[in-house]
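Worksheet for the structure shown next.
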Amino acid sequence: MAIREAVLSIKGRTAYDGAGVKLQRIFGHADANRFDPFLLLDAFGSDDPADYLPGFPMHPHRGIETVTYLLEGSVRHSDSTGSGGVIGPGDLQWMSAGSGIVHEEMPLQSPRGVHGLQLWVNLAAREKMQSPAYRGAVASEVPVVPTGSGTVRVLSGSWGGASGPIVGVARSPVYLDIELNPGSTIQLDVPRGRTAFFYVLSGTVTTAAAEDLPGGSKPCSGGTCVLLGAGDEALLTAGPEGARFVIVHAPPLHEPIAWGGPIVMNTREELDRAFRELDEGTFIKSR
Ligand code: FE2
């Protein structure tokens, strides 16, 4: 077994999206090839309603899946497939945009603010024009697996004999939310050939680092995203204050990326067609 070493360690930068929501863009356009099939990771989180109440009013997506994991607060959503409702802490929303959806995500004012992650997973060329699908899971449907060193919430894929509530999505990512007790270590199988990263929510996490990684294997604090290199397993150790982080892995697509805002296709022509259809009102292919 080969332990995967950290090959890239990044912090987000402040960005504004939707109607002016302040968030941290952890990775996005510039890193999309290294994180393939993952396109983007945003961490939204603020106790100040001015930062989150503008929300994400009706906007389109095509060619991707958007995965929202809410940690704190509540978000009202609705979309052109007819899905809608309010998600709360620990709930998960997995939107496969396929050929096209229009949706809105509007955070509601909450005493503890609104905090969460949105991950974009690319779809393969042959999947980009499939019918859209919405999958949601509430926190009580997410298995919480105790380990000797903490707990593992299985959002999608399986771990420790438990399977997450989100099944049948395109890249079948394994998506785990892990809490580790102070100083403890967890070993996770991450099969060879899959792209894997972890993102630290709180505390610190240390893992082996590639020789050329600036800073080496220093502890990674909250807000740090680490891309793991080749290998079969991840070995992650919490600092003295413990740690909470998510780890996500899936097989890469190795396909060309043509990216225009909320739409990600393979070619410039497909992108132009999508925007032309938006102008002409023919964007939505099925509901
Ligand atoms: Fe969206």
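The values are calculated or read from the model by the stated rules, or taken from the named source; none is laboratory data. If you're wondering where the values come from, they're calculated on a predicted model, not measured in any experiment. FYI the Cβ positions are ideal-geometry reconstructions off the backbone, even for glycines, and counts take in every protein chain you see.
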Selection status of residue 175, touching a Cys at 6+ places or on another chain (Cβ under 6 Å), closer than 24 Å to residue 45 by Cβ, among the aromatic types (Phe, Trp, Tyr) and in a strand (DSSP E or B): no
Which numbered condition residue 153 misses (of (1) more than 16 Å from the ligand (Cβ to nearest atom); (2) in a strand (DSSP E or B); (3) more than 17 Å from the chain's Cα centre (by Cα); (4) among the basic types (Lys, Arg)): (3)
Residue count for the stretch 8-53, restricted to those that are in a strand (DSSP E or B) and either buried (at least 16 other Cβ atoms within 10 Å of the Cβ) or free of Cβ contacts under 8 Å to residues at least 24 places away in the same chain (or both): 23
Residue among 31, 42 that is more than 15 Å from residue 87 (Cβ to Cβ), charged (D, E, K, R) and within 12 Å of the ligand (Cβ to nearest atom): 42
Residues located in the stretch 225-242, provided they are part of a strand (DSSP E or B) and under 23 Å from residue 2 (Cβ atoms): 225, 226, 227, 228, 233, 234, 235, 236, 237, 238
The stretch 108-143: number of residues that are touching a helix residue (DSSP H, G or I) at 6+ places or on another chain (Cβ under 7 Å) and within 13 Å of the ligand (Cβ to nearest atom): 0
Per-region count, the stretch 80-99, residues surrounded by 18 or more Cβ atoms within 10 Å (Cβ to Cβ) and farther than 15 Å from residue 134 by Cβ: 1
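Okay, residues lined up against (1) outside any strand (DSSP E or B); (2) at pLDDT below 95; (3) surrounded by 14 or more Cβ atoms within 10 Å (Cβ to Cβ):
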site: 140; (1), (2), (3): yes, no, no
site: 191; (1), (2), (3): yes, no, no
site: 196; (1), (2), (3): no, no, yes
site: 201; (1), (2), (3): no, no, yes
site: 204; (1), (2), (3): no, no, yes
site: 214; (1), (2), (3): yes, yes, no
site: 217; (1), (2), (3): yes, yes, yes
Failed condition for residue 126, given (1) closer than 30 Å to residue 285 by Cβ; (2) part of a loop (DSSP other than H, G, I, E, B); (3) of a type outside the set (Ser, Thr, Tyr); (4) free of Cβ contacts under 8 Å to residues at least 24 places away in the same chain: (2)
Residue 182 at pLDDT 95 or above, touching a strand residue (DSSP E or B) at 6+ places or on another chain (Cβ under 6 Å) and not in a strand (DSSP E or B): yes
Some residue of the stretch 199-212 being without any contact (Cβ under 8 Å) to a residue 24 or more places away in the chain and within 20 Å of the chain's Cα centre (by Cα): no
The stretch 58-79, subset polar (S, T, N, Q) and surrounded by fewer than 19 Cβ atoms within 10 Å (Cβ to Cβ), residue farthest from the ligand (Cβ to nearest atom): 74
The stretch 77-104 residues that are part of a strand (DSSP E or B), paired with ones that are among the basic types (Lys, Arg) (beta carbon under 7 Å, 6 or more apart): 86/76; 94/135
Residue that is nearest to residue 243 (Cα to Cα) [pool: residues in the stretch 154-168 that are surrounded by 20 or more Cβ atoms within 10 Å (Cβ to Cβ) and either among the β-branched types (Val, Ile, Thr) or touching a Lys or Arg at 6+ places or on another chain (Cβ under 6 Å) (or both)]: 154
